[in-house]
Amino acid sequence: MRQVEAYGPAMCAESLSGSVTIDPADHHGHIDRRIFGSFVEHMGRSVYSGIYEPTHATADADGFRTDVARLIEELGVTVVRYPGGNFVSGYRWEDGVGPREARPARLDLAWRSIEPNTVGTDEFVRWATAHRLETMMAVNLGTRGIQEAADLVEYCNIPTGTAWSDLRRANGSANPYGIKLWCLGNEMDGPWQTGHKTAEEYGNLAAQTGRAMKLVDPGIELIACGSSGRDMPTFGTWEATVLSHTYDVVDYISLHAYYEEFEGDRRSFLGSGAVMDGFIKDVVTTADAVGARLGSDKKIKLSFDEWNVWYQSRFAGAEDFPLEVASPRIEDVYGTVDAVVVGDLLITLLNNVDRITVACQAQLVNVIAPIMTKRGGPSWRQTIFYPFAETSRRARGTSLVAATEIATMATARYGDVPALAVAATHDPGTSSVSVFLVNRSELAIDVDLRHEAFGALKIEGVYTIAADDSGPLYGETAAAVARPRLTNAWSTDPVGRTSLRLEPESWSTLRGSTQDAS
Ligand code: AHR
């Protein structure tokens, strides 16, 4: 990206102009559908009264809400990380299998609640499979270790003939689950984590556990915990140390990041996509430096397995929560600006598909989630639902390099960031070309989109969400305000150029096609 000028709060221009060039031959690589992942943790009302509520009017024979399942399908989720999160660091997976009446209720230390174990591995995986969702399983490396993790792989993936696999069969699943993606613990760098470890301790345990798990099933892919945020004091050294222990056994290093608007500083908040991009580049550099030092040809991939907008600064911690089953935890309600930022974070993921092949928005239902439910009542889409659904539906095939020229804008928190972020995708199979654009600035941006290499595009429409000042939007109001609206602020020519006017602080998607464009 070439940036052509800088503007700050004092600048008096009425609009900015920029250009974006796309070419089918210039791309970041194939988009792995697993970047449209999500996350279900045993936390708050994510499971109980979220995906699962046997007394609900829409519940299926297994007790799962079909109204929620329908929204998940509409959202376009491909893979779901489970069962945590901080929760997994105290979880005994054996508590959640077998006859329900024999399952213990346990104290969950992470979120200070009671886990009834009504839903466990079998119920979750069967539900996910029925809805064509891939399960990404996390093992407990906080309070447990090698044996319990290897046992869980055996329970899930060995067909038959061993104690754990035969137990799965006795519990109703004759066929193995074939779970491919496995997280080696969660956020083990965080002092809040039950069983938090130093990078040396964790790296050593993750390597040993990963080796045992791959002995059980050599076909699995392993994700080592990276830092729980770019601002962790151990960021960088954590990744380098962990990977120096695990390089030959793991396939991925994880990244986690949550963004929010601090003290009304919307401009910095709108720069979150640029911050996420810097984080990704830093992790790639660190991982590749370890590979170079080890003389390895292998490239470690990135699993951005927790990302979202979360107003974490308003979260006082779990200490004062009542000890109950499924009482609410961090049920953030989102506004339009949050949808714009989520759209931008998805653009960032698309622009890094050369290394990111798994990503999970955290979380899926009720807990900082695109989908909300009322116990015994309706379910609805939050504002952040829309950019995810649109991006998952449209971003297929290859992620193109969107060569962008635009001014930078000054932010108080993150310095200068480009005022415009763009990702573009091309699916030769269906001829679709999609362009996702975020105008991070308070000024309109006139974009000259150059697609001469494709020739003319047939444009089905340009859809927009613009940030406003209405704040959090409850219930159905979110849909009324944030559903992307069709705009007519564009024109295209037969040679291969399209002009677009982007509203201030907005996210847009251009739905195009190379077919019948004349
Ligand atoms: O998604 C909520 C929590 O955020 C997860 O449990 C944890 O991994 C992260 O800190």
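The values are calculated or read from the model by the stated rules, or taken from the named source; none is laboratory data. Computed from a predicted model, the values in this text were never measured in an experiment. Here Cβ is always computed from backbone atoms with ideal geometry, including for glycine, and neighbour counts include all displayed protein chains. SASA here: full protein model, heavy atoms, side chains in, ligands and nucleic acids out. Shrake-Rupley method; radii C 1.70, N 1.55, O 1.52, S 1.80 Å.
Observations on the structure shown:
- Whole-Å distance, taken between Cα centres, linking the stretch 67-81 and the stretch 219-268: 25
- Beta bridges assigned by DSSP with both partners in the chain are antiparallel in approximately 60 percent of cases.
- Net +/- balance of residues flanking Glu74 in space, Cβ distance below 10 Å, scoring K and R +1, D and E -1: +2
- Loop-located chymotrypsin sites (Phe, Trp or Tyr not before Pro) in the stretch 455-503 (DSSP state other than H, G, I, E, B) with a sparse environment of at most 12 neighbouring Cβ atoms within 10 Å: Tyr474.
- Model label points for Leu294 and Phe315, set 7 angstrom from Cα along the Cα-to-Cβ axis, are 3.1 nm apart.
- Positive dipole terminus of the chain, leading residue within Ile347, Ile158, Gln193 (C-beta point charges): Ile158
- Candidate lysines for bridging to Lys281, where Cα separation is under 29 Å - those fewer than 8 sequence places away on the same chain excluded: Lys180, Lys197, Lys214, Lys298, Lys299, Lys301
- If you plug the beta carbon distance of Ala453 and Ala102 into 1/(1 + (r/R0)^6) with R0 = 56 Å, you get a FRET efficiency near 0.30.
- At an R0 of 22 angstrom, the distance between the Cβ atoms of Ser470 and Phe262 translates into a FRET efficiency of 0.70.
- In the frame of its principal axes, the chain has Cα extents of 66, 58, 47 Å, reported largest first.
- Placing dummy labels 7 Å off each Cα toward the beta-carbon, the span from Glu442 to Arg70 is 4.3 nm.
- One chain, two ends: Leu167 and Leu215. Fully extended at 0.36 nm per residue, the span grows by 15.3 nm beyond their Cα-Cα distance.
- Apportionment of accessible area to carbon and sulfur, the stretch 32-394, percent (1.4 Å): 53
- The chain: relative contact order in percent, alpha carbon pairs under 8 Å with at least 6 residues between: 21
- Rounded to the nearest 500, the 222 nm mean residue ellipticity of the chain from helices alone is -7500 deg cm²/dmol, with -39,500 (n - 2.57) taken per DSSP H run of at least 4 residues.
- Exposure of His30 as accessible area (Å², to 10), given a probe of 1.4 Å and all protein chains: 130
- With 0.36 nm allotted per residue and the present C-alpha distance subtracted, the Arg375-Asp26 stretch has 120.8 nm of extension available.
- Rounded to the nearest 20 debye, the dipole size of the chain about its Cα centre is 820 debye, using +1 on the Cβ of Lys and Arg and -1 on the Cβ of Asp and Glu.
- The stretch 37-140: trypsin sites (Lys or Arg not before Pro) in DSSP coil with no more than 15 other Cβ atoms inside 10 Å: Arg92, Arg132
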